Amino acid sequence: MNVRRVVRQGSSLAIGWGLIGVCVLLGVIFTFGHGGIDPHSACFLLAAALALWAVFVRPCLILATGGVGLHNIVRDVDLSWPVIDLIESRWNLKIFAADGRGWGSWAITTQRPTARGAVRTGGGSGLGLGRVSPEDLKDPTASASSVARTIQEAKADYERAVRQGQLARQEEQVRIRPAWPSIAALAAAVALIVIGILT
């Protein structure tokens, strides 16, 4: 699967990297502020950083020439374009095949549309408190609804390229595999917690 675009939500990345940064900062403070960090604290800080990376940083959606990849916490799913039948974006992004099988994305959730750049009408005395018309609302670029539209457009591009003979038709293919990087990080976090408790 040739990667064209990796999609993650900024809020998840900010939470993940921000809290990992706090773990690093606490490690530095403990190391230089108290004459050295004890193994107990080091284990818990490292375990927290690994778990945060697995839950908030690694999950993503990949748009590629070969289809869509969903990298979740414990499993990764690669879907070729012909498999994708319906895309739902009510709570999070979920992709369905024609036979009813569905796969959700941990990384792409629904977000409220924003009114950035919209002109507010009626009331508010110029304080920006008036109403915004629905057509002025914009979905954040990594929200479930905007990513669903992007996937639909990419699938339409694939189908058009196949019709015009620019691409060979892909086989319907679903590849599900364990998300070994996340599983390894979570297993290491559990092992570090056990070691921290025992030390």
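Worth pointing out:
- Counting only residues that are modelled with pLDDT of 95 or more and among the β-branched types (Val, Ile, Thr), the range 2-23 holds 3 of them.
- Remark: SER143 falls outside the filter, which requires a residue to be at pLDDT 90 or above and open to solvent by less than 50 Å² (accessible area, probe 1.4 Å).
- Matching strands (runs of 3 or more DSSP E) fully within the range 1-104 where at least 2 residues are of a type in the set (Val, Ile, Thr) and either loosely packed, with under 14 Cβ neighbours inside 10 Å or touching a residue at least 60 places away in the same chain (Cβ under 8 Å) (or both): 3-7
- Residue in the range 15-24 that is at positive phi and not hydroxyl-bearing (Ser, Thr, Tyr) present: no
The values are calculated or read from the model by the stated rules, or taken from the named source; none is laboratory data. Just so it is clear, the model here is predicted, and its values are computed rather than measured. Quick reminder, even Gly has a Cβ in these numbers, built from the backbone with ideal geometry, and neighbours come from all protein chains shown. Accessible surface is based on the protein model in full, side chains and every heavy atom, while ligands, DNA and RNA are left aside. Shrake-Rupley method; radii C 1.70, N 1.55, O 1.52, S 1.80 Å.
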